[in-house]
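> Here you go, one structure.
The values are calculated or read from the model by the stated rules, or taken from the named source; none is laboratory data. Everything numeric here is computed off the predicted structure, so don't read it as measured data. Note that we place each Cβ from the backbone using ideal geometry, even for glycine, and neighbour counts take in every protein chain shown.
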Amino acid sequence: MLRYALLRVLGAIPTLLLVIVLAFLMVHAAPGGPFQDPRGLPPETLKALQEAYGLDQPLLVQLWRYLSHVVRGDFGPSYHYVGYSVGELIRGTLPVSLLLGTLAILLAVLAGVACGTLAALRRNSALDRLLMGIAMTGISIPVFVVAPVLVLVFAVKLHWLPAGWTGSGGLARLVLPVIALALPQIAYIARLTRAGMIDVLGSDYIRTARAQGLGTAAIVRYHAFRPALVPVLSYLGPAIAAILTGAVVIEEVFGIPGLGELFVRAAGNRDYMVVLGVVVLYAVLVVALNLAVDILYGVIDPRVRRR
Amino acid sequence: MSRRTGLRGRLAGNRTVVFCLAVLGLVAAVAVFGPWLSRNDYLSTNFDLVLDGPTWAGGHIFGTDQLGRDLFVRTMLGIRVTIAVALVASAVSLVIGVFYGMVAGYARGWLDAVMMRFVDTLYAMPFIFLVILLMVAFGRNFLLIFVAIGAINWLDMARIVRGQTLSLREKEFVEAARVTGVPAPRIMLRHIAPNLIGVVVVYLTLTIPQAILVESFLSFLGLGVQEPQTSLGALVHDGVNQMEGAPHLLLIPAVLLAAILLLFNFLGDALRDVFDARQEP
C-alpha cells in the first residue's frame with residue numbers, strides 16, 4: 001500500500017512541473033509584456049520596471065527563479081496592485097472559495113448518491129424516469145445558466161434569498177451559490193450511482209443475500225453500497241475540477257470575493273503574476289485532490305494496487 | 001419492434017436519434033436562414049425601443065436588448081457562432097485524437113506506454129485556466145478559441161480510439177494484411193480507421209456539447225467572442241445584467257443554449273445504445 005501511494009505521489013510531480021512551466025512560458029510569450037500601456041511608458045521607466053522585477057534576465061533564469069520561489073510558497077509581486085504580493089491576494093480570497101467548494105462537493109455527493117440509489121431501487125418506474133430526466137437536464141445546463149435563473153426566481157421574483165454577497169454575513173447568502181455549483185455534479189453522481197447500483201444488485205452474491213432472507217435496506221446498506229460507489233469515487237477528481245471551474249462563474253454572478261473572482265479580474269487587468277499564481281494554485285489543488293482520490297481508491301479496492 | 005437491419009435502418013428506427021437530429025437540424029436551419037427573413041439586423045440600434053419585451057406586432061419577436069438591437073437576429077447569430085466554434089473545435093479534437101490513439105494502439109509497447117502516460121499527465125491539468133491564460137496573453141483571437149478547445153477535447157477521443165485499435169489490430173483481416181506485407185500506415189488508414197467510425201461518431205456527438213460549453217463559458221466571462229459579434233454565452237451574460245427589468249434577455253438565450261446541449265447529450269446517449277447493440281450480437 002505504501003509503495004502504491006509513493007508511486008502515485010512521484011507520478012504527480014511531472015504533471016505539476018509541466019503545468020507550471022507551460023503557464024510560465026505562456027505568460028512570458030505574451031506580446032507586449034506586463035507593462036504595456038496604451039499611453040506609452042518612457043523607455044527608461046520601462047527599463048527600470050523590468051530591472052526591478054527581474055524581467056531583463058534570460059528566460060531560463062527567470063523560470064528557475066520563479067520555480068524556486070513557488071516551492072517556498074512565494075508567488076511573486078502583483079504588477080497591478082503595487083505593494084501587494086500575489087500570495088497576499090490569494091490568502092485574502094482563498095478561504096471563501098474553499099468554503100463554497102467544500103459545501104458544494106458535500107451536497108453533490110450526498111444528494112447525488114441518494115437520488116441515484118432511489119432511482120436504482122425503483123428501476124424503470126415513473127420516479128426513476130423522472131429523476132434520470134432531471135439528471136440529464138442538470139448535466140446539460142451549464143452552471144452559468146443555472147445560477148442566474150436561480151437568482152431570477154428565488155431572489156428577484158420571490159425575495160426568499162439574497163441575490164448577491166451581502167456584507168452582513170449569514171448562511172442565507174451561501175444557499176444559492178452552493179446549489180448552483182452542486183447541481184450539475186448532483187446529476188452526474190446520481191447517474192453514476194444508479195448505474196453502479198443496478199450493476200451490483202444484479203450480481204450473484206446479492207441474490208444469495210436475498211435468498212437468505214435479508215431485506216432490501218440491509219442489502220443496500222451492508223452489501224451493495226461499497227462496490228456500487230467505486231465509480232462515484234473515481235469521478236470525484238473530475239467533479240472537484242469542475243466545481244473549481246464552476247466557482248469562477250459562480251463568484252462572478254453572485255459577486256463573491258473569492259479566488260475565481262480574483263482570477264477573472266486579474267485576467268482583465270493583464271496582471272500576469274496573479275493569473276500565473278492562481279493557475280499554479282489551481283493546478284496544485286487539482287493534482288493533489290486527484291492524488292488523494294487515487295490513493296483512497298487503492299484503500300477501498302485492493303485490486304487497483306496491484307496494477 | 002421494427003426488424004430493419006443495417007446501421008442506417010437501426011438509426012432511422014431509433015426515435016430519439018431521429019427526433020434529436022430533426023430538432024437540431026431545424027435549429028441550425030433557423031439560425032442560418034432566419035436572419036435573412038427578419039427585417040432587422042444584428043447591429044442596428046434603436047434607442048426608442050430599449051429592453052422591449054417580445055412582441056409579434058412590433059417585428060421583434062424576441063424583444064430588444066439594452067441598445068435596442070433585435071434579440072431574435074442576435075440570438076440566431078449567437079447560435080451560428082456557437083455551433084461553428086463547436087464543429088471546428090470538435091474537428092480539431094477528432095483529427096488529433098484519432099491519429100494519436102491509432103498510432104499508440106497500433107504501436108503497442110513502450111511507445112504506447114509513453115504516449116498514454118502523456119495523456120494521463122494532461123488529464124490532470126486545469127485546462128480551462130490555461131485557456132484563459134492563453135486568451136489573456138494573446139488577445140481574444142477567434143481562431144485561438146477553436147484551437148484551444150480542440151486541444152482540450154482530444155484526450156478522451158485518443159483513449160477510446162487506442163482501446164479500439166488495440167483489439168482491432170489482433171483481428172484476422174489486419175493480420176492478413178500484415179502478413180501480405182502491407183505497410184503499417186496503410187493498414188491503419190485502410191483497415192483500422194474505417195472500423196473506428198462508429199465509436200468516433202458517438203464520441204463526437206458527446207464532444208460537441210463539451211466544446212459548446214467551453215466556448216460559452218469563455219464568452220460568459222467576456223474572454224471569448226467580442227462585441228458586436230456574439231454567442232449564446234455572451235448573450236446569457238448580457239441577460240444577467242438586465243434580468244430584473246427584462247428577464248427575456250436572460251431566459252431566451254439561456255433556454256436555447258440548454259436545449260441545444262440537452263439535444264446533443266441525448267443524441268450521444270442514443271447513438272451509444274445503437275452502436276453498442278452491434279458489439280453484442
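> Looking only at the range B:131-164, count how many residues are without any contact (Cβ under 8 Å) to a residue 40 or more places away in the chain, under 18 Å from A:Ala267 (Cβ atoms) and either of a type outside the set (A, V, I, L, M, F, W, C) or surrounded by fewer than 20 Cβ atoms within 10 Å (Cβ to Cβ) (or both).
Number of matching residues: 4.
> Checking the conditions here, which among A:Gly255, A:Gly260 is crowded, with 20+ Cβ neighbours inside 10 Å and either touching a residue at least 60 places away in the same chain (Cβ under 8 Å) or more than 8 Å from chain B (Cβ to nearest Cβ) (or both)? Show your work before the answer.
Numbers: A:Gly255 fails: crowded, with 20+ Cβ neighbours inside 10 Å.
Going through A:Gly255, A:Gly260 in turn, the sole match is A:Gly260.
> Do you know which of the residues in the range A:125-164 that are more than 18 Å from A:Leu176 (Cα to Cα) and among the small types (Gly, Ala, Ser) is modelled with the lowest pLDDT?
For the range A:125-164, the residue satisfying everything is A:Ser140.
> Can I ask one more? Condition (residue is loosely packed, with under 14 Cβ neighbours inside 10 Å, free of Cβ contacts under 8 Å to residues at least 40 places away in the same chain and in a helix (DSSP H, G or I)) applied to the range A:174-186: is it met by at least one residue?
Start the filter on the range A:174-186 by keeping residues that are loosely packed, with under 14 Cβ neighbours inside 10 Å, which leaves none.
For the range A:174-186, residues loosely packed, with under 14 Cβ neighbours inside 10 Å, free of Cβ contacts under 8 Å to residues at least 40 places away in the same chain and in a helix (DSSP H, G or I): absent.
> Let me ask you something else. Among the residues that make up the range A:284-300, is at least one of them buried (at least 24 other Cβ atoms within 10 Å of the Cβ) and within 19 Å of the chain's Cα centre (by Cα)? Before you say what the answer is, go through the steps one by one.
Step one: list which residues in the range A:284-300 are buried (at least 24 other Cβ atoms within 10 Å of the Cβ), which gives A:286.
The next check asks that each one be within 19 Å of the chain's Cα centre (by Cα); those that pass are A:286.
Yes: one or more hits.
> What do you reckon, is A:Pro227 more than 14 Å from every other protein chain (Cβ to nearest Cβ), crowded, with 17+ Cβ neighbours inside 10 Å, farther than 17 Å from A:Arg122 by Cα and touching a helix residue (DSSP H, G or I) at 6+ places or on another chain (Cβ under 9 Å)? Step through it out loud before you land on a result.
Working: more than 14 Å from every other protein chain (Cβ to nearest Cβ): yes; crowded, with 17+ Cβ neighbours inside 10 Å: yes; farther than 17 Å from A:Arg122 by Cα: yes; touching a helix residue (DSSP H, G or I) at 6+ places or on another chain (Cβ under 9 Å): yes.
Taking the combined requirement at face value, the residue satisfies it.
> Given the residues A:Ile243, A:Ile295, A:Ile206, A:Ile250, which is the only one that is in contact with a Lys or Arg (Cβ under 8 Å, 6 or more places away or on another chain) and more than 9 Å from chain B (Cβ to nearest Cβ)?
Working: A:Ile243 fails: in contact with a Lys or Arg (Cβ under 8 Å, 6 or more places away or on another chain); A:Ile206 fails: in contact with a Lys or Arg (Cβ under 8 Å, 6 or more places away or on another chain); A:Ile250 fails: in contact with a Lys or Arg (Cβ under 8 Å, 6 or more places away or on another chain).
After ruling out the rest, the residue left standing is A:Ile295.
> Any residue at all in the range B:213-229 that is within 30 Å of B:Val136 (Cβ to Cβ), away from chain A (no Cβ under 14 Å) and of a type in the set (D, E, K, R)?
Kept after step one, since they are within 30 Å of B:Val136 (Cβ to Cβ), are these residues of the range B:213-229: B:213-229.
Restricting the remaining residues to those that are away from chain A (no Cβ under 14 Å) gives B:225, B:227-229.
The next check asks that each one be of a type in the set (D, E, K, R); those that pass are B:227.
Among the residues of the range B:213-229, at least one is within 30 Å of B:Val136 (Cβ to Cβ), away from chain A (no Cβ under 14 Å) and of a type in the set (D, E, K, R), which makes the answer yes.
> What helices (runs of 4 or more DSSP H), lying completely within the range A:19-124, carry at least 2 residues that are surrounded by fewer than 16 Cβ atoms within 10 Å (Cβ to Cβ), charged (D, E, K, R) and modelled with pLDDT of 80 or more? Step through it out loud before you land on a result.
Working: elements: A:43-52, A:59-71, A:86-121.
The helices (runs of 4 or more DSSP H) meeting that bar are A:86-121.
> Same structure again: Does A:Ser97 satisfy the condition of being within 14 Å of chain B (Cβ to nearest Cβ) and without any contact (Cβ under 8 Å) to a residue 40 or more places away in the chain? Step through it out loud before you land on a result.
Working: within 14 Å of chain B (Cβ to nearest Cβ): yes; without any contact (Cβ under 8 Å) to a residue 40 or more places away in the chain: no.
For A:Ser97, the condition - within 14 Å of chain B (Cβ to nearest Cβ) and without any contact (Cβ under 8 Å) to a residue 40 or more places away in the chain - is not met.
> While we're here: Quick one: what pairs do we get from the range B:238-255, first residue more than 7 Å from every other protein chain (Cβ to nearest Cβ), second among the charged types (D, E, K, R) and assigned to a helix (DSSP H, G or I), C-beta under 7 Å, 6+ apart or different chains?
B:Leu249/B:Asp238
> For the condition within 12 Å of another protein chain (Cβ to nearest Cβ) and on the phi > 0 side of the Ramachandran plot, what is the one hit in A:Arg265, A:Arg270?
Values: A:Arg265 fails: on the phi > 0 side of the Ramachandran plot.
Step by step, each of A:Arg265, A:Arg270 is checked, and only A:Arg270 is within 12 Å of another protein chain (Cβ to nearest Cβ) and on the phi > 0 side of the Ramachandran plot.
> Scan the range A:125-165 for residues that are at the interface with chain B (Cβ under 10 Å from one of its Cβ atoms) and outside any helix (DSSP H, G or I) and jot them down.
A:Ile141, A:Pro142, A:Ala163
> So B:Asp276 clears everything in (1) within 12 Å of chain A (Cβ to nearest Cβ); (2) modelled with pLDDT under 80; (3) part of a helix (DSSP H, G or I) except one condition, right? Which one?
Unmet condition: (1).
> Within the range B:157-171, identify whether any single residue is within 14 Å of chain A (Cβ to nearest Cβ), hydroxyl-bearing (Ser, Thr, Tyr) and in a helix (DSSP H, G or I), and answer yes or no.
No, there is no match, as no residue in the range B:157-171 is within 14 Å of chain A (Cβ to nearest Cβ), hydroxyl-bearing (Ser, Thr, Tyr) and in a helix (DSSP H, G or I).
> Which of the residues belonging to the range A:273-283 are more than 8 Å from chain B (Cβ to nearest Cβ) and either β-branched (Val, Ile, Thr) or surrounded by fewer than 20 Cβ atoms within 10 Å (Cβ to Cβ) (or both)?
The initial filter retains those residues of the range A:273-283 that are more than 8 Å from chain B (Cβ to nearest Cβ), namely A:273-274, A:277, A:280-281.
Selection gives A:Val274, A:Val280.
> Next question. Please work out if B:Ala270 is buried (at least 20 other Cβ atoms within 10 Å of the Cβ) and more than 9 Å from every other protein chain (Cβ to nearest Cβ).
Details: buried (at least 20 other Cβ atoms within 10 Å of the Cβ): yes; more than 9 Å from every other protein chain (Cβ to nearest Cβ): yes.
Spelling it out, B:Ala270 is indeed buried (at least 20 other Cβ atoms within 10 Å of the Cβ) and more than 9 Å from every other protein chain (Cβ to nearest Cβ).
> Got at least one residue in the range B:114-129 being part of a helix (DSSP H, G or I) and either polar (S, T, N, Q) or away from every other protein chain (no Cβ under 14 Å) (or both)? Step through it out loud before you land on a result.
Of all residues in the range B:114-129, those part of a helix (DSSP H, G or I) come to B:114-123, B:127-129.
With either polar (S, T, N, Q) or away from every other protein chain (no Cβ under 14 Å) (or both) added as a condition, the list becomes B:115, B:121.
Among the residues of the range B:114-129, at least one is part of a helix (DSSP H, G or I) and either polar (S, T, N, Q) or away from every other protein chain (no Cβ under 14 Å) (or both), which makes the answer yes.
> For B:Ile208, work out the one condition from (1) of a type outside the set (Gly, Ala, Ser); (2) within 14 Å of chain A (Cβ to nearest Cβ); (3) surrounded by fewer than 17 Cβ atoms within 10 Å (Cβ to Cβ) it doesn't fulfil.
Of everything listed in (1) of a type outside the set (Gly, Ala, Ser); (2) within 14 Å of chain A (Cβ to nearest Cβ); (3) surrounded by fewer than 17 Cβ atoms within 10 Å (Cβ to Cβ), B:Ile208 misses just condition (3).
> Out of the residues in the range A:222-264 that are of a type in the set (D, E, K, R) and under 19 Å from the mean Cα position of the chain (by Cα), which is nearest to A:Phe24 (Cα to Cα)? I'd like the intermediate steps shown before the answer.
So the first thing to find is which residues in the range A:222-264 are of a type in the set (D, E, K, R), and the list is A:226, A:251-252, A:261.
From what's left, under 19 Å from the mean Cα position of the chain (by Cα): A:251-252, A:261.
Values: A:Glu251: 25, A:Glu252: 25, A:Glu261: 21 Å.
My answer is A:Glu261.
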